[in-house]
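Novice: The structure follows.
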Amino acid sequence: MLRIPPDLFKQIDNTMPLFCVDVIIEHQGQVLFVHRKEHPAKDHWWLIGGRVLKGETLQQAAKRKADEEAGLSIEIVKQLGTYEMTFQHSSFEDVETGRHTINVVFLAKLSNENQTVEL
């Protein structure tokens, strides 16, 4: 998969929406969230998710983000829908337009119920 170089990503973030996935991971009757450490949504509890990379399917992106953000291996149950978000802040301090994302949402479950999950 191809990642965008930081300078180019900053330019894209300032001029157009980003295409992302969000993952609702259901575990023992609860939904898992992560505490965001960076903008956008810094210091908020949020769904696992992020940008889709070139050459990556939507389901691959959802699985990658679950692994990167929480160390979890997941199975996709189904695609739920699409929504868009606008944020006041980008992950770049000098991007004045904030961030605009178009998000495809998946429902997922853990591939192995014995994975360690902090609830």
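Novice: Hey, among Leu80, Leu53, which residue is open to solvent by less than 40 Å² (accessible area, probe 1.4 Å) and aliphatic (A, V, I, L, M)?
Specialist: Leu53
Novice: Still on this structure, please answer the following. I'd like the full set of residues that are open to solvent by less than 70 Å² (accessible area, probe 1.4 Å) and of a type in the set (S, T, N, Q), limited to the range 56-77. Spell out how you get there, then give the answer.
Specialist: Our first condition is that a residue be open to solvent by less than 70 Å² (accessible area, probe 1.4 Å); within the range 56-77, this holds for 56, 58, 61-62, 64-66, 69-74, 76.
Of everything in the range 56-77, just one residue is open to solvent by less than 70 Å² (accessible area, probe 1.4 Å) and of a type in the set (S, T, N, Q), namely Ser73.
Novice: Next up: For the range 4-13, does any single residue satisfy the condition of being of a type in the set (A, V, I, L, M) and either over 15 Å from Arg99 (Cβ atoms) or open to solvent by 90 Å² or more (accessible area, probe 1.4 Å) (or both)?
Specialist: yes
Novice: I've got another one for you. Say we look at the range 21-50 and pick out the residues that are surrounded by 14 or more Cβ atoms within 10 Å (Cβ to Cβ) and aromatic (Phe, Trp, Tyr); which of these is modelled with the highest pLDDT?
Specialist: It comes out as Phe33.
The values are calculated or read from the model by the stated rules, or taken from the named source; none is laboratory data. The structure displayed is predicted, hence computed values, not measured ones. No Cβ is skipped: glycine too gets one built from the backbone with ideal geometry, and neighbour counts run over all protein chains shown. Areas reflect the complete protein model, heavy atoms only, side chains present, ligands, DNA and RNA absent. Shrake-Rupley method; radii C 1.70, N 1.55, O 1.52, S 1.80 Å.
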